[in-house]
Amino acid sequence: MRTDTRVTHIDEAEVSTSEGTIDAATVIWAAGVAASPLGQALGGETDAKGRVLVNTDLSMPTATNVFVIGDLAHIAGPDGTPLPGVAPVAQQGGDHVGACLASDLEGRQRPTFVYRDKGSMATGRSSDSDPDFGP
């Protein structure tokens, strides 16, 4: 195991790093992810990961004309923990911001964002079961 090491290349036999080459038949890689520094530059409150804390309509408490969505937003889920930084949350957030803008134009109150988790599914095919699979 290596920590705080830059990976420069991975192939079927080895991993090249800033500290040299590691022979490997199996590689498990867990990389840390940090929010964009833009979140802190916006001037709002951020969590420990740098995500901007948002209102229930996804606007910033300090600037309600600024919306934050995607993995830059700390959106509290039903149990209070932040929603994951995954595409479905971002997509629904984008749709929601559109609804908020329409509400603003029509003089109505903005709706509250409610994430609808549709579950997840992984699919796969192997070349053994599908002769047409592959490049």
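Laboratory data are not the source of any read-out in this text; all were calculated from the coordinates shown. Only a predicted model underlies this, so the values are computations on that prediction, with no experimental measurement involved.
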Review point. What is the P(r) of the range 76-124, as percent of Cα-Cα pairs per 10 Å bin from 0?
Key: 22, 43, 26, 7, 2
Review point. Rg and Dmax of the range 1-125, Cα atoms, in Å?
Key: 19.6, 63
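When a/c is below 1.5 the answer is rounded, else prolate if a/b is larger than b/c, else oblate, so apply that to the range 19-80 with a ≥ b ≥ c taken from the square roots of the Cα gyration tensor eigenvalues. Before the final figure, lay out the partial values.
Numbers: a/c = 4.21, a/b = 2.44, b/c = 1.73.
Since a/c reaches 1.5 and a/b is larger than b/c, the shape of the range 19-80 is classed as prolate.
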